[in-house]
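Chemist: Take a look at the following structure, please.
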Amino acid sequence: MLKPCASALSLSWMSGSLRLFTLASLLSRLLRSVFSVMLLSALHFLSFSNGHVEGHVARLKFLKRQMYGRANFDLLRARVLHP
């Protein structure tokens, strides 16, 4: 059996560890938020752009819509590969 003072000690230890766990959880979420904000701000100033790829995708979608129901895959392939 536990002595009364030992149970009081264990309860205070459990409450203290719960507070530490809550604090650690809060700090980890805060660090993740700060890291994501820093990452997004760094990505904003990079000189990379995917505009070239988006142009090709838009062109392919346009050709696909334009040729829907008119011809087979061979003609579509010829128009895509040889603009």
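All of the numbers you see were taken from the coordinates with simple rules; none came from a lab. Everything numeric here is computed off the predicted structure, so don't read it as measured data. Here the Cβ is made from the backbone with ideal geometry for all residues, glycine too, and neighbour counts use every protein chain on show.
Chemist: Taking the range 60-79 only, how many residues are in contact (Cβ under 8 Å) with a residue 12 or more places away in the chain and either touching a helix residue (DSSP H, G or I) at 6+ places or on another chain (Cβ under 6 Å) or among the basic types (K, R) (or both)? Steps first, answer last, please.
Modeler: Going residue by residue through the range 60-79, those that are in contact (Cβ under 8 Å) with a residue 12 or more places away in the chain are 60, 63-64, 67, 76, 79.
Checking which are either touching a helix residue (DSSP H, G or I) at 6+ places or on another chain (Cβ under 6 Å) or among the basic types (K, R) (or both) leaves us with 63-64, 67, 79.
So the count comes out to 4.
Chemist: Let me ask you something else. Hey, any hits in the range 19-27 for a residue that's touching a helix residue (DSSP H, G or I) at 6+ places or on another chain (Cβ under 8 Å) and assigned to a helix (DSSP H, G or I)?
Modeler: At the first step, the residues of the range 19-27 found to be touching a helix residue (DSSP H, G or I) at 6+ places or on another chain (Cβ under 8 Å) are none.
Checked against the condition, which is being touching a helix residue (DSSP H, G or I) at 6+ places or on another chain (Cβ under 8 Å) and assigned to a helix (DSSP H, G or I), the range 19-27 yields no hits at all.
Chemist: I would also like to ask the following. Collect the residues in the range 28-52 that are of a type in the set (A, V, I, L, M) and part of a helix (DSSP H, G or I), keeping them in residue-number order.
Modeler: From the range 28-52, those of a type in the set (A, V, I, L, M) are 30-31, 34, 37-40, 42-43, 46; that's our starting set.
The answer is L30, L31, V34, V37, M38, L39, L40, A42, L43.
Chemist: Return the pair list, or none, for Cβ contacts closer than 9 Å from residues in the range 42-59 that are under 30 Å from L81 (Cβ atoms) to residues that are in a helix (DSSP H, G or I), at least 6 apart or on different chains.
Modeler: Pairs that qualify, where the first residue is under 30 Å from L81 (Cβ atoms) and the partner is in a helix (DSSP H, G or I), are R59/V80.
Chemist: While we're looking at this one, here's another question. Would you confirm, using the coordinates I've provided, whether A71 is in a loop (DSSP other than H, G, I, E, B) and more than 35 Å from the chain's Cα centre (by Cα)?
Modeler: Answer is yes for this residue.
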